[in-house]
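A quick write-up on the structure given underneath.
The values are calculated or read from the model by the stated rules, or taken from the named source; none is laboratory data. Keep in mind that what you see is a predicted model, and the values were worked out from it rather than measured. With ideal geometry, Cβ positions are generated from the backbone for all residues, glycine too; neighbour counts draw on all protein chains shown. The accessibility values were calculated without ligands, DNA or RNA, using every heavy atom of the protein model including side chains. Shrake-Rupley method; radii C 1.70, N 1.55, O 1.52, S 1.80 Å.
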Amino acid sequence: MSENGEALADVTNKVANIKVNEEAIKRVREAQWAEPQKFDYDAYNAGPRDAGPSGPAAGPDADANAPSWAANAIRYEWSEEYGDVAPRHQALENMLFHDENKMDMGDKFKHITEMKVTFESETKIKPVTRFEDAGLHPVMLENIKLCGYKVPTPIQAYVLPSVFKDIDIIGIAQTGSGKTAAFLIPTISKLMGKAKQLAAPRARAGQPYSPEDAVRAEPLILIVVPTRELATQIFDEARRLCYRSMLRPCVAYGGGPSREQMDELRKGCDVLIATPGRLMDFMQRGHLLSLSRVKYTIIDEADEMVSPDWVDDMKQIMGGDSNDDDDHVYMMFSATFPKEARAVAKEYMSSQHIRIRVGRAGSSHINVTQKILFVDEAKKRDCLFDLLLSMPPARTIVFVNTKKGADFLDDFLYNRGLPSTSIHSDRTQREREDALRAFRTGKAPLLVATGVSARGLDIKNVMHIINYDMPSNDHGGIHEYVHRIGRTARIGNVGMATSFYNDRNEDIADALVKLLLETRQEVPDFLEGYKPENVEDLQFDDDTDEEGEGEASGGDAWGATEPQNNGNTNGEAASGWGADDAAAGDKDAWN
Ligand SMILES: Nc1ncnc2c1ncn2[C@@H]1O[C@H](COP(=O)(O)OP(=O)(O)OP(=O)(O)O)[C@@H](O)[C@H]1O
């Protein structure tokens with residue numbers, strides 16, 4: 001590579017036109033970063049997968065075993081010949097559960113379990129401290145074991161029993177605290193025993209599929225998320241949790257070819273994970289998809305989904321239904337839920353809905369060490385390079401605010417010999433899926449990303465998040481910051497977030513300083529002036545349930561009832577989520 005610097009520059013996306021820097025490359029090799037892999041966008045987009053759906057992935061991480069598109073990934077296919085207990089499938093089990101890139105619970109898991117939980121409901125709910133006590137289907141219990149989940153996280157402890165009450169739920173818990181499994185485990189488990197009665201008939205289930213067998217997709221569970229990557233990630237978790245059941249998960253998202261996603265739907269679909277655009281498109285084709293059987297509609301990243309950007313889509317997806325009918329349960333989840341978003345969310349939920357909050361809505365996790373550096377705009381590039389070389393190579397996401405900025409920075413890092421790749425919404429879906437796969441497998445351990453990747457992504461061993469550009473208040477502000485840094489330190493692991501700050505970022509300074517104080521992080525000198533006078537009495541926009549003017553004050557502004565506060569205050573020993581009669585000894589399981 002170093003013999004021919006210009007040739008190397010040719011295989012990048014050519015936006016930056018940055019010359020290869022031999023001196024920098026030498027430093028990078030000395031710092032033991034892996035070699036970058038060539039990424040020829042033109043050849044890549046005409047890769048072997050054009051041969052058809054079964055062609056292998058192209059690109060730097062070409063892997064003959066990878067599915068051509070995430071939507072085609074193999075899943076358990078139930079057969080009519082199976083009795084009540086479907087057999088295991090060892091090869092599939094290895095693929096689903098023994099993936100070396102699957103996240104493991106970290107040493108600091110107990111920090112997750114120590115969070116204060118606020119639970120508000122008219123119905124009394126006893127949180128579960130063990131999956132075994134949650135009334136789950138035996139196959140689901142086995143799947144949970146295969147996933148390696150030993151004890152429920154706080155959000156799971158409350159959502160599991162709540163789902164069994166068939167009441168709408170709003171669940172708020174920090175990034176990386178297991179919200180996905182919190183809604184998938186109980187809904188799938190509940191339907192496992194009833195799938196035969198409830199699911200749409202399927203032609204010749206378990207036999208090789210032929211077009212004459214096509215059925216209309218009539219899912220029982222619908223999960224709506226804002227980004228394609230999140231949709232495919234939740235689909236992967238659904239493939240694990242539906243293992244050995246009749247329930248067949250499918251995913252529908254923009255960018256990937258519709259035909260292949262439609263073919264999967266035609267084989268039968270009981271759990272559908274979708275992004276709004278593709279979902280609306282499929283909903284309009286009545287012969288392809290009907291939502292008439294849906295029992296659970298789940299909106300993930302709900303504060304984003306109820307934002308004005310999605311209002312029309314959401315109205316159609318939620319059917320304008322105020323959910324008076326007991327049969328259909330709505331749930332919304334997020335790590336952040338600003339007041340305005342909660343007011344909109346409430347309109348979609350029944351007035352009795354359950355509200356579960358783990359910690360403060362919109363807070364970040366103390367497992368992330370946050371550092372803020374003052375860096376002039378013009379010096380950011382070099383500062384980033386020095387920062388990357390100042391510590392051992394580690395899987396890192398660098399967030400920028402624009403697509404052009406992402407292309408530019410990716411070129412810059414690549415031409416300095418760093419193994420980078422990038423992702424943003426102007427990339428083809430093929431590029432997006434393969435960039436993420438390259439990052440996930442460690443072949444390109446540096447990912448430059450725009451906000452499209454801020455939410456939900458769950459990737460093992462992401463040790464460092466760098467906010468090269470701070471999110472401005474016009475683009476999500478402090479909430480986006482929280483989601484971005486939440487790509488590290490997930491499920492009890494630790495991680496680091498470094499943010500470049502300068503005078504252009506003053507709009508976020510107030511909220512940033514409060515967050516740093518709340519999470520016991522160092523406030524740098526240049527932000528001292530933003531410290532509130534009374535640090536003990538920090539007030540956040542979204543840590544109260546008061547909805548403002550016109551609401552009864554002093555009560556529970558979400559609904560009409562007194563909140564049941566089952567909270568464990570941060571730092572106190574976990575005591576079965578505050579339930580008086582929690583089984584003795586369970587708290588050991590948390591630590
Ligand atoms: N009970 C559990 N024990 C151990 N690991 C778990 C448990 N529940 C979930 N996980 C794992 O924790 C990781 C984070 O979960 P998940 O992606 O659902 O987080 P999240 O709360 O939705 O985060 P975000 O707000 O960023 O979307 C996943 O890898 C998941 O497999």
Is it the case that some residue within segment 416-433 is among the β-branched types (Val, Ile, Thr), open to solvent by less than 10 Å² (accessible area, probe 1.4 Å), touching a Lys or Arg at 6+ places or on another chain (Cβ under 9 Å) and within 18 Å of Ser499 (Cβ to Cβ)? no
Does Met140 satisfy being surrounded by 17 or more Cβ atoms within 10 Å (Cβ to Cβ) and part of a loop (DSSP other than H, G, I, E, B)? no
Do the conditions hold for Glu264, that is, is it within 16 Å of the ligand (Cβ to nearest atom), part of a helix (DSSP H, G or I), surrounded by 20 or more Cβ atoms within 10 Å (Cβ to Cβ) and modelled with pLDDT of 90 or more? no
Lone qualifier among Leu136, Leu160, Leu141 - being within 12 Å of the ligand (Cβ to nearest atom) and either of a type in the set (A, V, I, L, M, F, W, C) or over 22 Å from Ser334 (Cβ atoms) (or both): Leu160
Modelled with pLDDT under 95 and β-branched (Val, Ile, Thr) - does that describe any residue in segment 206-224? yes
When Asp168 is run through (1) away from the ligand (no atom under 12 Å from the Cβ); (2) closer than 28 Å to His287 by Cα, the failure sits at (2)
Qualifying residue in segment 214-226 (condition: within 20 Å of Thr113 (Cα to Cα) and either within 11 Å of the ligand (Cβ to nearest atom) or in a loop (DSSP other than H, G, I, E, B) (or both)): no
So which helices (runs of 4 or more DSSP H) stay within segment 375-464 end to end and still have 1 or more residues that are touching a helix residue (DSSP H, G or I) at 6+ places or on another chain (Cβ under 8 Å) and within 16 Å of the ligand (Cβ to nearest atom)? 429-440
Taking Lys403 as meeting all but one of (1) within 19 Å of Tyr481 (Cα to Cα); (2) open to solvent by less than 20 Å² (accessible area, probe 1.4 Å), write down the number of the exception. (2)
For segment 177-197, enumerate the residues that are touching a helix residue (DSSP H, G or I) at 6+ places or on another chain (Cβ under 8 Å) and assigned to a loop (DSSP other than H, G, I, E, B). Ser177, Gly178
